[in-house]
Amino acid sequence: MQRRAGSRDDDPSPSIPDSTTDAPDRSHLERLLQERTAALEHARRRCRDLFENVPVMSVATRRGQDALPIIEDCNQLFPATLGYTRDEIIGRPLGDFYAPGSQTAPETQPSARIEDRIEGVERQLLDKYGGVLDTLLHLVPITAPNGSITGARATYLDITERKREEQKRQESQSRYRALVEQTFVGVCIVQDGSIVYANPKMAEISGYTLEEQTALLSFLDLVAEEDRQVMSQRLQRYLTPDREPNTDVVHIRRKDGVTVPLEVQGGLVLYGGRPAVTVIVLDISERIRLQNRLQQSQRLDNIGQLATGVAHSFNNALTAIYGRCEVLLDQISTADPRREEVEAILTVATETAVLTRRLLAFGQRRRVDPKMLDLNVVVGDTLNIATPLIGAQTSLIPLLEPLLGLVEADPAQLEQALLTLLLRARDVTPRGGVLHITTANVDVSQGPPHPNLPAGAYVTLAVRDDGPGLAPDAVAHLFEPFTADLNDARGIGLATVHAIVTQMGAYIFADSRPGQGSTITIYLPRVANTQPTAEGAESTDTGEDAVTQHTVLVVEDEEQVLSAVRDWLEQAGYHVLEASGSHEALKLVASHEGPIDLMLTDVVMPDMNGRRLMEEVALTRGDIPVIYMSGYPNSVDPFERADDTPLLEKPFAPRSLLRAVRTALDAAAAKQDQPASSTDDGPAG
């Protein structure tokens with residue numbers, strides 16, 4: 001193709017833009033620049049809005065002159081949370097707002113590598129008032145257009161409340177764990193039949209370690225075979241939500257083979273996100289043992305009341321027998337062959353009186369009556385009672401000192417103490433064994449066998465068993481009420497023995513070691529060589545002869561006793577008014593015109609007791625002398641003898657009655673003869 005002459009292509013000079021033809025291109029560029037500038041400003045505002053309104057505290061830092069990170073920007077939440085204004089924050093080192101525990105954090109140090117990112121690290125910030133805030137830090141470097149790192153942007157998420165809740169949760173878990181692990185009940189969690197958790201008490205109850213329970217056992221493996229089906233049903237029922245709580249009794253078999261009764265409760269719980277059963281068990285072995293002891297105690301109380309009632313009836317009958325026999329003896333000469341028969345009756349009555357005293361001691365209704373005793377005799381009498389109670393499985397072997405010294409003690413109380421020791425020894429050898437009962441003369445001088453035993457001459461009574469023995473701590477508390485030791489059914493057997501022995505002025509000690517049985521020894525002071533006191537013996541001293549002018553009111557609901565007492569008093573020359581009950585006695589007091597010098601009254605009567613009768617009589621007759629008669633010696637239950645009114649214990653002989661009457665009348669006469677000034681402190685004010 002040929003060029004045309006004079007065309008532009010042929011012009012060698014540079015081209016000059018034509019303003020008219022280039023104007024649209026320039027306008028377009030200017031408009032594009034404006035749009036890009038506006039978009040950039042809009043993006044900047046959006047970033048700023050995001051920076052300001054993001055729900056975390058944000059700061060931007062740069063390096064200061066000393067290379068410390070300086071805050072050059074922050075969002076509004078940062079000063080608002082820390083209690084500052086924005087101006088108080090900008091330009092200050094980042095470390096100024098860190099709590100002491102976080103002030104050495106790397107992002108606050110001159111040597112910090114700000115190009116390193118930090119993700120989710122806990123930091124503590126300090127507000128204007130000294131409060132500490134827990135936060136999670138996220139830090140990223142700020143990069144310039146040329147690629148250099150000029151600072152860092154840090155965000156702080158306030159987790160103070162979360163930390164508080166976490167601390168509360170941990171404290172709650174700690175309290176719960178302490179409660180579960182230190183409680184006196186066993187707790188375990190059963191899931192799919194297996195034990196997945198067990199507290200220490202559960203290990204103590206079952207005898208298996210925590211590891212053995214959780215690794216080797218299903219819960220039903222612990223349950224005794226006879227209760228497994230019932231317990232399996234209970235576990236299914238415990239998985240039912242909103243059920244009524246209830247308690248079941250099942251038996252488990254410990255690792256050592258012993259069967260233990262438990263009270264069991266259960267409930268639904270989530271464990272590892274899956275349903276499980278919390279099982280709570282309480283060992284009720286001790287409760288059952290105490291209930292059995294209580295029931296036995298109640299039976300013994302009933303027997304004791306029955307024995308006391310029988311003894312009371314015996315005492316009334318024996319009083320009449322004593323009296324009639326002594327009247328007959330006074331009427332029969334020593335040469336009369338019938339006298340021997342009457343004396344035999346009197347001997348039997350005396351022996352029966354000894355038996356009633358034992359019955360009253362068993363019922364705990366007899367006062368202390370110390371006598372000179374041969375302890376071997378007491379042991380023999382007690383073994384006669386104890387042998388059928390101990391049973392054939394246990395052998396009783398007495399080892400008695402032939403030339404035993406005498407002691408001063410109440411034989412009934414000694415029998416009670418020895419019987420309690422024997423029954424206790426039997427209880428600690430339930431499968432049978434050998435019990436040794438030993439008496440001996442012991443002289444204690446230097447180096448006594450027990451620290452609290454004074455030097456002196458003693459007679460010892462010891463009971464030794466071949467039971468399991470006791471640890472030293474148990475021995476130290478053996479004589480305290482309701483100890484863990486097997487006392488008698490009342491739960492205070494050895495404590496009662498200790499009280500009896502102490503009241504006698506004697507001493508009691510226990511020696512025991514695990515696996516070596518126990519020996520309980522009583523040390524009774526030995527007295528000078530004299531004759532033992534014969535039980536039932538009566539003094540023959542009757543006092544002075546009676547004065548026939550005295551009138552005695554006799555109140556007794558037992559006809560035989562009333563008749564005998566009346567005859568004895570009348571034969572002695574007294575004028576007798578007799579009444580078979582309290583109401584009849586009050587009528588006699590009201591109708592009798594002459595004086596009543598003495599009232600002799602039974603204590604336990606169906607209509608009114610003796611003390612109440614005395615108070616009623618005193619309203620009309622004044623303070624006349626009174627003598628009580630009772631087949632319940634020293635009984636506090638039927639009546640309380642708060643004063644020093646004399647008491648005649650049934651059975652009594654005529655001589656004892658006449659002596660008591662004479663003594664009471666003489667005391668009343670002496671009281672009347674005292675001048676009034678001897679009892680007055682002076683004129684009334």
Hey, what do the phi angles of the range 241-252 turn into as Karplus ³J(HN,Hα) couplings, whole Hz, using 6.51/-1.76/1.60 and θ = phi - 60°, x for Gly and Pro? x, 6, 8, 5, x, 8, 10, 10, 10, 10, 10, 10
May I ask you to order 585-591, 398-404, 624-630 by the average number of other C-beta atoms within 10 Å around their residues, highest value first? 624-630, 585-591, 398-404
How far apart, in nanometres, would the label points at S395 and L239 be if each is projected 7 angstrom from Cα along the Cα-to-Cβ direction? 5.8 nm
Phi-based couplings in Hz for the range 577-588 (Karplus 6.51, -1.76, 1.60; Gly and Pro marked x): 9, 10, 9, 8, x, 5, 5, 5, 5, 5, 5, 4
Go ahead and run the numbers for FRET between Q305 and I345, Cβ-Cβ distance against an R0 of 41 Å, rounding to 0.05. 0.90
Could you tell me the accessible area of L222 in Å² (1.4 Å probe, neighbours in place), rounded to the nearest ten? 0 Å²
Would you list which lysines come within 17 Å of K168, measuring only between C-alpha atoms, while excluding same-chain residues fewer than 8 positions from it? none
Among the lysines, which have Cα under 24 Å from the Cα of K255 when same-chain residues fewer than 8 positions away are ignored? K201
Among all the lysines, which ones have a C-alpha under 29 Å from K163's C-alpha, if same-chain residues fewer than 8 places away are not counted? K128
Quick query: amide H of L600 versus all other amide H atoms, modeled in the peptide plane; which residues come in under 5 Å with a sequence gap of 5 or more or a different chain? L553, V554, V555, I627
Multiply the residue separation of V604 and S285 by 0.36 nm, subtract the distance between their alpha-carbon atoms, and state the gained length in nm to one decimal. 110.6 nm
Go through 517-527, 433-443 and give me the packing order, highest mean Cβ count within 10 Å leading. 517-527, 433-443
Long-range HN-HN contacts of C74 with modeled amide H, under 5 Å: A60
In nm, to one decimal, how far is the E72 label point from the Q173 one, both placed 7 Å along Cα→Cβ? 4.5 nm
Scan around Y208 for amide H atoms under 5 Å from its own, H built in the peptide plane at 1.01 Å from N, and keep only partners 5 or more places away or cross-chain. K255
J(HN,Hα) series, the range 118-123, from Karplus relation 6.51 cos²θ - 1.76 cosθ + 1.60, nearest Hz, glycine and proline x: 10, 10, x, 9, 6, 9
Mind ordering 26-39, 598-611, 137-150 by average Cβ neighbours within 10 Å, highest first? 598-611, 137-150, 26-39
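The values are calculated or read from the model by the stated rules, or taken from the named source; none is laboratory data. Remember, it's a predicted structure, so these values are computed and weren't measured experimentally. Note that each Cβ is placed from the backbone with ideal geometry, even for glycine, and that neighbours are counted across all protein chains shown. Ligands, DNA and RNA are excluded from the accessible area calculation, which covers all protein heavy atoms including side chains. Shrake-Rupley method; radii C 1.70, N 1.55, O 1.52, S 1.80 Å.
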